[in-house]
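See structure below.
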Amino acid sequence: MSEFLPFSRPSIDEATIASVAETLRSGWITSGPKVQEFEKRLSEYFDGRLVRTFNSGTCTMEIALRIAGIGHGDEVITTPISWVATANVILEVGATPVFADVDPVTRNIDLDKVEAALTPRTKAIIPVYLAGRPVDINRLYKLAAKHKLRVIEDAAQAIGSTWQGKPIGSFGDFVSFSFQANKNITTAEGGCLVLNNAEEAALAEKYRLQGVTRSGYDGIEVDVLGGKFNMTDIAAAIGLGQFAQLNIITAQRRKLARHYFALLGNDFEAQTSAQLPPADFESTNWHLFQVVLPESVNRADFMARMKEKNIGIGYHYASIHLFKLYRALGFKEGMFPVAERVGRQIVSLPMFAAMNESDVERTCEAMVAVLNN
Ligand SMILES: *Cc1c(COP(=O)(O)O)cnc(C)c1O
């Protein structure tokens, strides 16, 4: 039998491994020259916008909310279909999460539902680009401008994605990325935040390191409460090696996505009642290739049977509002019906740059066999 195919696996090349070893031997392993170089490369890619790196793609969003001055009494609108981090950061700063249901086709936040959820207390929107697929960004920023809202784009999955030809992160308000191990490029754990101006960047630097500002040889001052969120040079060395591969990684993922569509075609949806993602090869970086199973299929059974065929299936994500922590805030079943169905039935098929077309073929064959019994 063929070997186990996970749904995701990072590919770290030998040059990157050598660069990590060199960093370890250099005498400087935490935030230093590698972090500065990584931030410089990222900033170039984001059309010269200011970028700061962190030790996760969660604290990036928390820090963006703090920079925007969002806290107690403020409402922040987000999607229930995301990693729970997206909503947790809203609670972390003392603000109130407000969910808007998702679009059944894109599985991203539905901007009509965002408009319906606005109140005089709404201060920000956190849209998530699930699987790397952006929302309608023109409409998003029009809505934000009209209602004077800050936007924190949760682009954790969207490095390499574009909107009307421009890289996600190269325009907009706050844009947050994650470099966690499963993301298209990784630093093992890490993230970065694209900011609007030097004041915001200076605040981001304080929030990521205990609120400290240093000056001269021995000057030190603390004027805000910061945490410990800095990226290490070891992580940045991995990031630099990965970043150099970004275009190759994105192209390979697009090629694999095309192959999924070519093999599954239109018949797949008609025969299995499962739902494919939108076939987009321009803007999406294909972080995930996600199928929504019909309600008649039990997802755990599907995952178990695929595992028997040596294929790993992930799921991203359970609807956040149904977690105990959020139920305790008053959220319950029936509030976001599309998210609830997607959260129960969505699966992520194997998708990573080191995969080849025969892995896609194996996956499609197994999936069709399992869904047709
Ligand atoms: C990965 C991810 C995060 C969190 O990033 P970490 O680096 O793991 O903290 C947040 N939102 C989404 C949509 C993600 O995929």
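The values are calculated or read from the model by the stated rules, or taken from the named source; none is laboratory data. Remember, predicted model here, so these are calculated numbers, not experimental data. Every residue, glycine as well, gets a Cβ built from its backbone with ideal geometry; the counts of neighbours run over all protein chains shown. Calculation scope for accessible area: heavy atoms of the full protein, side chains included, ligands and nucleic acids excluded. Shrake-Rupley method; radii C 1.70, N 1.55, O 1.52, S 1.80 Å.
List of remarks:
- The stretch 1-32, residues that are closer than 29 Å to residue 209 by Cα, open to solvent by less than 90 Å² (accessible area, probe 1.4 Å) and assigned to a helix (DSSP H, G or I): 16, 17, 18, 19, 20, 21, 23
- Test: residue in the stretch 211-229 that is within 16 Å of the ligand (Cβ to nearest atom), touching a Gly at 6+ places or on another chain (Cβ under 7 Å) and open to solvent by 20 Å² or more (accessible area, probe 1.4 Å): no
- Residue in the stretch 208-219 that is of a type in the set (S, T, N, Q), within 17 Å of residue 39 (Cα to Cα) and out of contact with any Phe, Trp or Tyr (no Cβ under 7 Å at 6 or more places or on another chain) present: no
- Residues within the stretch 186-199 that are within 22 Å of the chain's Cα centre (by Cα) and open to solvent by 10 Å² or more (accessible area, probe 1.4 Å), tallied: 3
- Identity of the residue in the stretch 41-56, open to solvent by 10 Å² or more (accessible area, probe 1.4 Å) and in a loop (DSSP other than H, G, I, E, B), that ends up farthest from the ligand (Cβ to nearest atom): 48
- Looking across the stretch 296-331 at every residue that is touching a Leu at 6+ places or on another chain (Cβ under 8 Å) and not in a helix (DSSP H, G or I), the one that is surrounded by the fewest Cβ atoms within 10 Å (Cβ to Cβ) is identified as 310.
- Set 97, 120, 80: member being more than 23 Å from residue 199 (Cβ to Cβ) and assigned to a strand (DSSP E or B): 97
- Selection from the stretch 266-291 of residues that are open to solvent by 30 Å² or more (accessible area, probe 1.4 Å) and within 23 Å of residue 136 (Cβ to Cβ): 275, 278, 279, 280, 281, 282
- Criterion (of a type in the set (Lys, Arg), more than 9 Å from the ligand (Cβ to nearest atom) and either in the same structural domain as residue 127 (by TED's automatic domain parsing) or surrounded by fewer than 24 Cβ atoms within 10 Å (Cβ to Cβ) (or both)) met by exactly one of 183, 166: 166
- Single condition residue 48 does not satisfy, out of (1) under 21 Å from residue 323 (Cα atoms); (2) without any contact (Cβ under 8 Å) to a residue 12 or more places away in the chain: (1)
Listed here are the residues, each with its yes/no results for (1) in contact (Cβ under 8 Å) with a residue 24 or more places away in the chain; (2) over 22 Å from the mean Cα position of the chain (by Cα); (3) not assigned by TED's automatic domain parsing to the domain that holds residue 155.
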{"site": "212", "(1), (2), (3)": "no, yes, no"}
{"site": "237", "(1), (2), (3)": "yes, no, no"}
{"site": "258", "(1), (2), (3)": "no, no, yes"}
{"site": "272", "(1), (2), (3)": "yes, yes, yes"}
{"site": "284", "(1), (2), (3)": "yes, no, yes"}
